[in-house]
Amino acid sequence: GGRGGAAMEEVEGLMSVDYEVSGKVQGVFFRKYTQGEAKRLGLVGWVQNTSHGTVQGQIQGPTARVRELQEWLRKIGSPQSRISRADFSNEKKIEALDHKEFQILK
């Protein structure tokens, strides 16, 4: 109950966002750590290496949790990684999740 207003809805709603992380992010277990962090936060989606040396994927889940993983992708990453930038696109509210889990794609 109570009057939470729009702020509460924002936290409760589901969102989807695509990401691409640049820097030293291949060969440093970046995908494995991203999957681990996503699972810890209860998020679904995927992660894969690209042919041009970046890591990309999609995150879906509760807005507040997705924001946490975005921060992690921007600043932390795997222990040996060096993130130069993280780009996010196609951010949108969704009614239901498109994925069952968070997968590492080849």
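The values are calculated or read from the model by the stated rules, or taken from the named source; none is laboratory data. Just so we're clear, the structure is a prediction, and the values are computed from it rather than from any experiment. Quick reminder, even Gly has a Cβ in these numbers, built from the backbone with ideal geometry, and neighbours come from all protein chains shown. Please note that ligands, DNA and RNA were not included when accessible areas were found on the heavy atoms of the full protein model with its side chains. Shrake-Rupley method; radii C 1.70, N 1.55, O 1.52, S 1.80 Å.
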From the list Lys32, Lys24, which one is modelled with pLDDT of 95 or more and more than 19 Å from Ser84 (Cβ to Cβ)? Lys32
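Within the bounds of region 4-12, is there any residue that is surrounded by 12 or more Cβ atoms within 10 Å (Cβ to Cβ) and at pLDDT 95 or above? Spell out the reasoning first.
Restricting attention to region 4-12, the residues satisfying the condition of being surrounded by 12 or more Cβ atoms within 10 Å (Cβ to Cβ) are 10-11.
With the extra rule that they be at pLDDT 95 or above, the set shrinks to none.
No, because not a single residue in region 4-12 is surrounded by 12 or more Cβ atoms within 10 Å (Cβ to Cβ) and at pLDDT 95 or above.
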Among strands (runs of 3 or more DSSP E) entirely inside region 9-106, those with 1 or more residues being of a type in the set (Gly, Ala, Ser) are 14-24, 44-49, 55-62, 82-94
Restricting the search to region 25-61, which residues are open to solvent by 10 Å² or more (accessible area, probe 1.4 Å) and of a type in the set (Gly, Ala, Ser)? Gly27, Gly36, Gly42, Ser51, Gly53
Any residue in region 68-97 that is farther than 11 Å from Gly23 by Cα sitting within a Cβ distance under 6 Å of a residue that is of a type in the set (Val, Ile, Thr) and assigned to a strand (DSSP E or B)? List the pairs, counting only those 6 or more apart or interchain. Leu69/Ile59; Leu73/Val21; Phe88/Val17; Glu91/Val17; Leu97/Val44
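Only one of Glu91, Glu68 is of a type outside the set (Lys, Arg) and within 13 Å of Glu37 (Cα to Cα). Can you tell me which? Can you show your working first?
Working: Glu91 fails: within 13 Å of Glu37 (Cα to Cα).
Selected residue: Glu68, the only one of Glu91, Glu68 that is of a type outside the set (Lys, Arg) and within 13 Å of Glu37 (Cα to Cα).
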